[in-house]
Amino acid sequence: MDSSGQDSENRAYYNAFSKNYEQARGANDPGGYHDLLDELESEFVERFGRGKDVLEVGCGTGLVLERIRRFAKSAQGLDLSPGMLEKARARGLDVILGSATALPFADQSFDVACSFKVLAHISEIELALRELTRVVRPGGHVIAEFYNPNSLRGWVKRLFPPRSIAQGKRESDVLTRFDSPAAVARLLPKGTELAAARGIRILTPTAHLMRIPVLRQLLRHAEKALADSPLKEFGGFYVVAWKKL
């Protein structure tokens, strides 16, 4: 399937998902599973993006972008779902409609371009990474998150059936790819070098465990402590920062 056809499928999926996307996110579950992911992702961006111009590709309803705005010089978001963007705009965020494989920005527009939980749903991933790299200035960084098959989350996804995410929509309705850390290394965009990596959701096999108060605190502490350890390569979400030369 070409990128335009895949964009149409993904747009329909996320427009449906947008109606209940924040049911267990943001203010509806402070300190919970998704809050932890948002925290670990935005902290990683802050390493490279404090006081700089940052783009988030696939910003959704803006939960991560809202955090980025607190430390960045400028924070702009892009998403292909009007339903998601409606909620991001309600947060007062600077967001536009667009595709990860054809970014509507000039070359070298940002210091950092980041993307979370988006590349896993794009078959033309090399094209998306080239686009992220294109819009970053020399010396800036591309931050990309991948779904890791070598993880507890990866095993759970293989062993259990796809979940329903909205009325008439299941996880299986969109392409979902898994790229191991070794595979990610081979996706290194031309003109970049590895700067850092982080593993997110290393010990948590399922988000439901973080609904138990005692386990919530234990898992939060453990995940934060291990995110940058050698165990990062077993994170369900493997995040890489590449520096543009």
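Read-outs: derived from the displayed coordinates by stated rules, not from any lab. Note that the coordinates shown come from a computational prediction; the quantities given were computed from them, not determined experimentally. When we count neighbours, we look across all protein chains shown, and the Cβ atoms used for this are built from the backbone with ideal geometry, even at glycine.
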Answer residue from region 212-236, given it is small (G, A, S) and part of a helix (DSSP H, G or I) and is farthest from V142 (Cα to Cα) among those: A222
It is to be established whether one or more residues within region 101-115 are among the acidic types (D, E), touching a residue at least 24 places away in the same chain (Cβ under 8 Å), in contact with a Leu (Cβ under 8 Å, 6 or more places away or on another chain) and within 27 Å of D179 (Cβ to Cβ). no
Name every residue in region 82-119 that is surrounded by fewer than 20 Cβ atoms within 10 Å (Cβ to Cβ), closer than 25 Å to A196 by Cβ and touching a strand residue (DSSP E or B) at 6+ places or on another chain (Cβ under 8 Å), in order of residue number. F105, Q108, S109, K117
Starting from region 64-92, keep only residues that are farther than 23 Å from E9 by Cβ, then list their pairs with residues that are surrounded by fewer than 19 Cβ atoms within 10 Å (Cβ to Cβ) and of a type in the set (G, A, S) whose Cβ atoms are within a distance under 6 Å, requiring at least 6 positions of separation or different chains. K73/G51
Flag if V239 is without any contact (Cβ under 8 Å) to a residue 24 or more places away in the chain and either in a helix (DSSP H, G or I) or crowded, with 19+ Cβ neighbours inside 10 Å (or both): no
